[in-house]
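Trainee: Before I ask anything, let me first share the structure, which is written out below as structure tokens.
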Amino acid sequence: MHRSHIEWKVSPNRYSAKKMAKPVNFACFAPKAQHVTIAGDFNHWDKTSHAMNRQPDGAWTLQLQLNHGHHQYVFFVDGHATLDPKASGTARHAHIGKVSLMSVS
């Protein structure tokens, strides 16, 4: 008797949460600021690539699509690195110093 054998070739991590981006809202309250950006591991720490939008109440906001996992970031308020008081923690970056930490799940 002959048995047929079927092999399934499924790409590993094809539907992994690590590859699925999720919208994450960032807010920085800086009513006197002229310009606020966000930099982090998600944009290679480029402090010019993600400008935040000023809101009438003095907050600056931006929504980014981030993958599952831990992310380090910092706000740049008029060019000065500023921690996020609502972050889940802090970490140390070799060139910036203390940075904000968040987890996306």
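Trainee: Contact list please: Cβ distance under 7 Å, first residue in the stretch 63-81 and at positive phi, second residue outside any strand (DSSP E or B), pairs at least six apart or on different chains.
Mentor: Final answer for the pair search is Gly69/Lys18; Asp78/Ala33; Asp78/Gln34; Asp78/His35.
Trainee: So, in the stretch 82-105, exactly how many residues are open to solvent by 70 Å² or more (accessible area, probe 1.4 Å) and in contact (Cβ under 8 Å) with a residue 40 or more places away in the chain?
Mentor: 3
Trainee: Go through the stretch 88-105 and report how many residues are within 21 Å of Thr48 (Cα to Cα) and not in a strand (DSSP E or B).
Mentor: Looking only at that region, the number is 3.
Trainee: Taking only pairs six or more apart or across chains, which ones have beta-carbon atoms under 7 Å, a first residue in the stretch 45-58 that is within 13 Å of Ala27 (Cα to Cα), and a second residue that is of a type outside the set (Gly, Ala, Ser) and exposed (fewer than 12 other Cβ atoms within 10 Å of the Cβ)?
Mentor: Note: pairs meeting the criteria are Gly58/Pro31.
Trainee: Ok, one more. Which one is modelled with the highest pLDDT among residues in the stretch 1-53 that are open to solvent by 100 Å² or more (accessible area, probe 1.4 Å) and touching a His at 6+ places or on another chain (Cβ under 9 Å)?
Mentor: Met20
Trainee: Looking at the stretch 71-81, which of its residues are under 16 Å from the mean Cα position of the chain (by Cα) and either open to solvent by less than 30 Å² (accessible area, probe 1.4 Å) or at pLDDT below 95 (or both)?
Mentor: Residues of the stretch 71-81 that are under 16 Å from the mean Cα position of the chain (by Cα), as a first pass: 71-76, 81.
Correct list: His71, Tyr73, Val74, Phe75, Phe76.
The values are calculated or read from the model by the stated rules, or taken from the named source; none is laboratory data. Remember, predicted model here, so these are calculated numbers, not experimental data. Counting neighbours? That spans all protein chains shown, and the Cβs are built from the backbone with ideal geometry, glycine included. All accessible areas refer to the heavy atoms of the entire protein, side chains included, with ligands and DNA or RNA removed. Shrake-Rupley method; radii C 1.70, N 1.55, O 1.52, S 1.80 Å.
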